[in-house]
């Protein structure tokens, strides 16, 4: 008897959960793509805070880090971790400038196809503009709160590096709310954005290194 | 006479080259303890998370090192970039070594051998010492191995494990230093190789 009640209770909980997210119709997909493209075209800069959760299945807790991100059109990104450590990475053209608590280094991404693809992924996911890239198989989902797109790399070399990449878009604005990077081991990293401002002037010092 | 002098010189040279700087002037004694504990990665309830800084032949790399004891005598060791991308994911279970994941760029036998050796030494908990060398500051417990020896340096005042040194019969090969220790948690760890230009500095997050 108790068992039956448990099953019923589980069904009651599970059915609405499953119903929350469903595949998008092609009209909905086109609408989302148009919304995100229009936003990307009018975005000259983004200032936002973020919280990153690294999930490893065997850990008791996700590893939580926090920081700030600045994007300047067309392709500059400053990614800064402030808590619990100081680490800045600046994506600028073909170069990656790193400041690890005062230890500075530069990586030339021109020499690595993989680095270039990762850079494209980061810049485009920040902008929300991953739709023009033909490197991924895309699947679209809709829930009452979010629009979600799952990107699976077509290139086998890339898929040994990343199994999939998910973006959650705010329904109203088309802005990226969350980025989820899924590893080939199925462990993942979630980055959730907050306190975002668009198209405000960028301090020139942000991209100095 | 000359012959005897030459033989003495050769013998002296051989004996000196055989002796380790670490135990120079010290006498081996039977160990006073049966087992020796490395307590720093021994608690299954703790996620050990470190900011890592690597210096490899003049090149600098940063990342996050995660170590977790997942069962008795079983550890997972994962290294990720600051942005969360996993670079390698290893599992150590007694003598077994399993690679769950490694990016292609790091999948090199020589590097894997070094990483396996270093992280096995870092996480292995119990040793059976074969001898002890005493100094006024510390006890150096020697653990014999098939090719290499290990020395565990335990501080006399605090009774804390301060250092593990791996050697050949003649030379120190690498050392792991533990510092800023509280309640069996080493906040700062330095892994240094003497025959390779490789150092790894770890700071607990």
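The values are calculated or read from the model by the stated rules, or taken from the named source; none is laboratory data. Note that the coordinates shown come from a computational prediction; the quantities given were computed from them, not determined experimentally. For neighbour counting, all protein chains shown are included, and Cβ atoms are generated from backbone atoms with ideal geometry for every residue, glycine included.
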Quick check: anything in the range B:104-126 in a loop (DSSP other than H, G, I, E, B) and farther than 30 Å from residue B:33 by Cβ? yes
Exception for residue A:120 within (1) assigned to a loop (DSSP other than H, G, I, E, B); (2) surrounded by 15 or more Cβ atoms within 10 Å (Cβ to Cβ); (3) modelled with pLDDT under 80 falls at (1)
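Residue-wise test of (1) surrounded by 16 or more Cβ atoms within 10 Å (Cβ to Cβ); (2) away from chain B (no Cβ under 14 Å); (3) over 22 Å from residue B:203 (Cα atoms); (4) touching a strand residue (DSSP E or B) at 6+ places or on another chain (Cβ under 8 Å).
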{"position": "A:81", "(1), (2), (3), (4)": "yes, no, no, yes"}
{"position": "A:84", "(1), (2), (3), (4)": "no, no, no, yes"}
{"position": "A:88", "(1), (2), (3), (4)": "yes, no, no, yes"}
{"position": "A:92", "(1), (2), (3), (4)": "yes, yes, yes, yes"}
{"position": "A:96", "(1), (2), (3), (4)": "yes, no, yes, yes"}
{"position": "A:108", "(1), (2), (3), (4)": "no, no, yes, yes"}
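Each row is one residue, and each column tells you yes or no for (1) at pLDDT below 95; (2) within 17 Å of the chain's Cα centre (by Cα); (3) outside any strand (DSSP E or B); (4) surrounded by fewer than 17 Cβ atoms within 10 Å (Cβ to Cβ).
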position: A:130; (1), (2), (3), (4): yes, yes, yes, no
position: A:134; (1), (2), (3), (4): yes, no, yes, yes
position: A:137; (1), (2), (3), (4): yes, yes, no, yes
position: A:141; (1), (2), (3), (4): no, yes, no, no
position: A:144; (1), (2), (3), (4): yes, no, yes, yes
position: A:149; (1), (2), (3), (4): yes, yes, no, no
position: A:168; (1), (2), (3), (4): yes, yes, no, no
position: A:177; (1), (2), (3), (4): yes, yes, no, no
position: A:200; (1), (2), (3), (4): no, no, yes, yes
Give the range A:151-166 a look and list any residue that's under 16 Å from the mean Cα position of the chain (by Cα) and assigned to a loop (DSSP other than H, G, I, E, B), or say none. A:161, A:162, A:163
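Rundown of residues vs (1) surrounded by fewer than 16 Cβ atoms within 10 Å (Cβ to Cβ); (2) within 14 Å of another protein chain (Cβ to nearest Cβ), yes/no style:
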site: B:85; (1), (2): no, yes
site: B:89; (1), (2): no, yes
site: B:109; (1), (2): yes, no
site: B:112; (1), (2): no, no
site: B:116; (1), (2): yes, no
site: B:131; (1), (2): no, no
site: B:135; (1), (2): yes, no
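Search the range A:45-54 for residues being more than 20 Å from residue B:203 (Cα to Cα) and within 14 Å of chain B (Cβ to nearest Cβ), and hand back the single one that is surrounded by the most Cβ atoms within 10 Å (Cβ to Cβ). I'd like the intermediate steps shown before the answer.
First, pick out the residues of the range A:45-54 that are more than 20 Å from residue B:203 (Cα to Cα): A:45-51.
So of that shortlist, the ones also within 14 Å of chain B (Cβ to nearest Cβ) come out as A:50-51.
Values: A:50: 20, A:51: 15.
My answer is A:50.
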Can we say residue A:191 is under 24 Å from residue A:75 (Cβ atoms), within 14 Å of another protein chain (Cβ to nearest Cβ) and assigned to a strand (DSSP E or B)? yes
Within the range A:56-79, can you find the residues that are within 18 Å of residue B:63 (Cα to Cα) and at the interface with chain B (Cβ under 9 Å from one of its Cβ atoms)? A:56, A:59, A:63, A:65, A:79
Those residues of the range B:38-47 that are within 10 Å of another protein chain (Cβ to nearest Cβ) and touching a residue at least 24 places away in the same chain (Cβ under 8 Å) come to a total of 2
For the range B:33-51, enumerate the residues that are in a strand (DSSP E or B) and within 23 Å of residue B:153 (Cβ to Cβ). B:36, B:37, B:48, B:50
Restricting attention to the range B:55-73, and to residues there that are surrounded by fewer than 17 Cβ atoms within 10 Å (Cβ to Cβ), in a strand (DSSP E or B) and under 20 Å from the mean Cα position of the chain (by Cα), which single residue is nearest to the other protein chains (Cβ to nearest Cβ)? B:55
